[in-house]
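Have a look at the structure below before the remarks.
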């Protein structure tokens, strides 16, 4: 999270200083299209995923939008027992205890499993825009949608392999589930039709709730946005 926070500050600070230009925006395009770099961070699993984020929206009026949001990313982590639900930790401890007592495993042994993750998010809904500044648009939105994740474990020893076979017999763990949260950001209007978008979202989900506790995820995204179509500034 520290790296993510520092990156956001470095990006936002100079842009904020450059964007203090008052005056109503004289062009609000009917359609917005955005695509950029995305970083998805799940601190509870020490999992960071980099990838692509896109949004497509329409502006019925100057102050709110309706649109679709999609992101996809991949990353790696190492799953340790302290990341698992307490009930799963107890089961693993009970399975390892006889082996440790017999001297077949070191007393300090704790399994850890490198894991590769692929995640996609899908959302749709409203966005509320504040266009008081000519060169920057502020916005907020609820986050409600679906998330899909493939977790591909790579156990490195026989004990970890046996434990993985219990939790993911097929060698890959997949799930769809819902998420909810909130987000927001800024469009820095470089020209009437082109801008730079910076966004951040905080969501809560129950991916793999059978083995891990519910988790919070933060998404940071930055990239170009394009405004086009009929001018909606006359719409209230």
Open item on the list: Quick check of the Kirkwood formula: for the stretch 26-120, what is the inverse mean of 1/r over all pairs of different Cα atoms, in Å?
Closed with: 17.2 Å
TODO: Have a look at 221, 117, 108 and tell me which one the Gaussian network model of the chain (Cα, springs below 10 Å) gives the largest fluctuation.
DONE: 108
Task: Radius of gyration and Dmax over the Cα atoms of the stretch 55-181, both given in Å - done: 22.2, 73
- [ ] For the stretch 35-89, report the translational diffusion coefficient in µm²/s to the nearest whole number, using Stokes-Einstein at 20 °C, 1.002 mPa s, and a Kirkwood Rh over Cα pairs.
- [x] 154 µm²/s
Task: Estimated [θ] at 222 nm from DSSP helical runs (n ≥ 4, -39500 (n - 2.57)) normalised by residues in the chain, nearest 500 - done: -6000 deg cm²/dmol
Open item on the list: Per-residue counts of other Cβ atoms within 10 Å, averaged by peptide: what ranking do you get for 191-197, 85-91, highest first?
Closed with: 191-197, 85-91
Open item on the list: Tell me the angle of helix 86-101 to the major Cα principal axis of the chain, expressed in degrees between 0 and 90 and rounded to the nearest ten.
Closed with: 30 degrees
Open item on the list: So if I take the alpha carbon set of the stretch 102-175, get Rg, then get Rh from the Kirkwood formula, what is the Rg over Rh ratio?
Closed with: 1.34
TODO: For the stretch 59-98 and the stretch 138-201, compute the distance between their C-alpha centroids and round to whole Å.
DONE: 8 Å
Open item on the list: Using only the alpha-carbon atoms, how far is helix 2-18 inclined from the longest principal axis of the chain? Give it as 0 to 90 degrees, nearest 10.
Closed with: 10 degrees
Task: Relative contact order (%) - criterion: Cα under 8 Å, at least six apart; region: the chain - done: 25 percent
TODO: Would you compute, for the Cα atoms of the stretch 69-108, the largest minus smallest coordinate along each principal axis and list the three values in descending order, in whole Å?
DONE: 54, 19, 11
Open item on the list: With Rg/Rh (Cα atoms, Kirkwood Rh) as the read-out, I listed [x] 1.12; [y] 0.97; [z] 1.02; which label goes with the value calculated from this structure?
Closed with: [x]
Task: Extension reserve of the residue 190-residue 64 stretch, reckoned as 0.36 nm per residue once the Cα distance is removed - done: 43.3 nm
TODO: Normalise the Cα radius of gyration of the stretch 146-236 by 2.2 N^0.38 Å (N = residues in it) and let me know the number.
DONE: 1.70
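Here, each number is a calculation from the coordinates, and none is a lab measurement. Keep in mind the model is a prediction, meaning the values are calculated, not measured. In this analysis, Cβ positions are derived from the backbone assuming ideal geometry, glycine residues included, and neighbour counts consider all displayed protein chains.
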